[in-house]
1. Checking residue 195 against (1) at positive phi; (2) touching a strand residue (DSSP E or B) at 6+ places or on another chain (Cβ under 8 Å), which single condition isn't satisfied?
2. Contact list please: Cβ distance under 6 Å, first residue in segment 402-417 and at negative phi and at pLDDT below 95, second residue part of a loop (DSSP other than H, G, I, E, B) and surrounded by 15 or more Cβ atoms within 10 Å (Cβ to Cβ), pairs at least six apart or on different chains.
3. List, please: which pairs have Cβ atoms under 7 Å, are six or more places apart or on different chains, and start with a residue in segment 69-85 that is in contact (Cβ under 8 Å) with a residue 12 or more places away in the chain and end with one that is part of a loop (DSSP other than H, G, I, E, B) and exposed (fewer than 14 other Cβ atoms within 10 Å of the Cβ)?
4. Tell me, yes or no, whether segment 452-459 has at least one residue that is in a loop (DSSP other than H, G, I, E, B), surrounded by fewer than 14 Cβ atoms within 10 Å (Cβ to Cβ), in contact with a strand residue (DSSP E or B) (Cβ under 7 Å, 6 or more places away or on another chain) and at pLDDT 90 or above.
5. Residues in segment 194-210 that are surrounded by 13 or more Cβ atoms within 10 Å (Cβ to Cβ) and part of a loop (DSSP other than H, G, I, E, B): how many?
6. I want to confirm something. Restricting to segment 145-193 and keeping residues that are in a loop (DSSP other than H, G, I, E, B) and closer than 29 Å to residue 122 by Cβ, which single residue is nearest to the chain's Cα centre (by Cα)?
7. For segment 211-239, how many residues meet the condition of being surrounded by 15 or more Cβ atoms within 10 Å (Cβ to Cβ) and within 23 Å of the chain's Cα centre (by Cα)?
8. Among the residues of segment 560-583, which ones are assigned to a strand (DSSP E or B) and either farther than 30 Å from residue 244 by Cβ or at pLDDT 90 or above (or both)?
């Protein structure tokens with residue numbers, strides 16, 4: 001019985017070993033049998049036939065990298081236990097002259113070989129491999145994922161030459177996009193967002209970027225890697241997704257040193273940001289801010305990226321800003337955007353702005369016999385904006401960048417204020433309406449804006465954020481209510497919210513983050529700006545700067561944040577009494 005058990009065990013091991021071994025034999029048709037043994041080694045025993053094919057392809061790459069550019073497979077004889085591959089090796093050479101073969105002008109340009117082919121210029125074998133790789137990449141991105149490239153028709157003379165031949169194989173087009181998992185995201189949105197529209201030519205670059213582009217979406221995530229199935233000239237892409245909490249409700253409280261006898265000024269901000277509530281990538285944004293005493297701001301935005309499955313969407317914004325009892329700004333921005341693949345877009349819009357003086361500075365008019373710094377204004381502008389985003393994780397990125405570039409141009413009209421026009425100038429003996437005759441009530445204006453954020457991953461838990469933000473506003477007359485407003489936790493930290501008025505500025509930010517988790521971190525920052533100085537008897541430019549530290553801590557209830565910042569401008573000394581403290585809370589649902 002004991003001998004029977006040992007015999008059975010030996011037979012089982014032998015059968016198991018036989019099942020896991022597959023023999024590979026490479027034979028050179030133009031080389032002696034010891035050529036491969038002396039110069040090139042390869043694995044002769046492998047797991048299965050698939051591993052044998054991979055080993056054979058790796059071996060061919062080794063030959064070509066060693067200068068045997070003509071190396072190619074002549075024939076293969078294979079069965080369930082072994083594979084015999086017959087290879088033509090050729091002779092080694094360091095340079096070769098390429099001819100176009102069957103590549104057209106566009107393919108040659110994409111490969112980078114056009115100049116060398118036109119000039120009959122010899123190139124190295126490494127350059128040949130790079131050219132072949134680019135040709136295949138171009139074919140893969142044009143509907144031919146199974147394309148191959150080879151050198152053919154070798155000629156030996158003063159220089160060795162060969163034709164560059166492309167075999168495209170079958171043309172593949174996108175067919176079906178399958179979505180597995182619990183998600184409300186619609187197929188029509190993902191087809192547009194990922195560039196996988198039905199009957200469009202297969203593009204390998206789109207497939208390779210699926211993971212990154214899905215990571216950029218706030219409201220959905222992958223539960224396992226995507227797969228692609230090819231059949232009868234069609235490619236079916238399978239996505240495995242689930243919804244994730246992305247819509248936000250957050251509020252922020254700020255505690256700032258008061259003025260004019262007020263010991264403490266409390267500011268506030270509340271925001272609701274809905275991401276894709278109906279599954280087609282739309283955004284609804286509502287924000288309210290109390291920035292200064294009697295100063296409030298309301299901001300409403302709507303984005304709908306794909307209308308009727310087309311890469312055209314709408315993007316609208318309405319903003320209401322009330323500056324204490326002085327004036328009311330009503331801003332509208334209504335546009336359409338052409339959505340490229342991913343989150344990137346090109347946007348065209350009509351901007352409208354109306355300023356209504358609530359309480360004109362009549363004392364200023366009487367004393368100086370001049371118009372005040374704020375006036376009733378109407379403006380209409382045509383605007384263009386280009387947006388590019390490439391982040392590894394949108395909520396708390398560690399690498400990548402965001403670029404926003406825009407500009408607008410249009411006409412501004414200054415409206416006569418009834419209160420000012422009805423006032424009587426006793427010196428001039430007529431109504432102060434005549435002051436409007438000294439200014440251009442209709443003029444041309446334009447604006448340009450640039451914002452660029454870059455994230456640098458230093459180590460798994462260490463990230464640096466750098467940012468540049470600049471805007472320029474040109475108009476013959478720029479009034480205070482038209483200027484850009486800087487300051488606060490979302491712009492120039494260390495200063496009161498929107499307390500710095502300027503017609504143009506350039507702002508830079510440097511921030512270090514130590515990551516505690518995917519959404520939690522400690523930070524230290526320094527930000528500075530160059531602004532046009534509007535104060536009397538001061539230099540033309542001012543350079544305010546601020547610095548501080550902060551933290552964002554994720555809990556089951558949401559993300560709690562705190563920022564402590566100090567700032568200085570116009571060469572004033574930094575004071576701890578003027579430090580700004582902001583508390584924030586973000587809840588995802």
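1. Among (1) at positive phi; (2) touching a strand residue (DSSP E or B) at 6+ places or on another chain (Cβ under 8 Å), residue 195 violates only (2).
2. Cβ pairs passing all conditions: 414/375; 417/360.
3. If the second residue must be part of a loop (DSSP other than H, G, I, E, B) and exposed (fewer than 14 other Cβ atoms within 10 Å of the Cβ), the pairs left are 74/29.
4. no
5. Restricting attention to segment 194-210, the residues satisfying the condition of being surrounded by 13 or more Cβ atoms within 10 Å (Cβ to Cβ) are 194-197, 200-204, 206-207, 209-210.
Checking the rest, the ones that are also part of a loop (DSSP other than H, G, I, E, B) come to 195-197, 200, 202-203, 209.
Looking only at that region, the number is 7.
6. Step one: list which residues in segment 145-193 are in a loop (DSSP other than H, G, I, E, B), which gives 145-147, 156-160, 168-172, 181-186.
Now narrow it down to the ones that are closer than 29 Å to residue 122 by Cβ: 147, 156-160, 168.
Values: 147: 31, 156: 50, 157: 52, 158: 51, 159: 47, 160: 46, 168: 33 Å.
By that ranking, first place goes to 147.
7. 12
8. Answer for segment 560-583, where residues must be assigned to a strand (DSSP E or B) and either farther than 30 Å from residue 244 by Cβ or at pLDDT 90 or above (or both): 560, 561, 562, 563, 564, 565, 566, 567, 568, 580, 581.
The values are calculated or read from the model by the stated rules, or taken from the named source; none is laboratory data. Since we're looking at a predicted model, the values are computed, not measured. Positions of Cβ are generated from backbone atoms using ideal geometry, with glycine treated the same way; all protein chains shown enter the neighbour counts.
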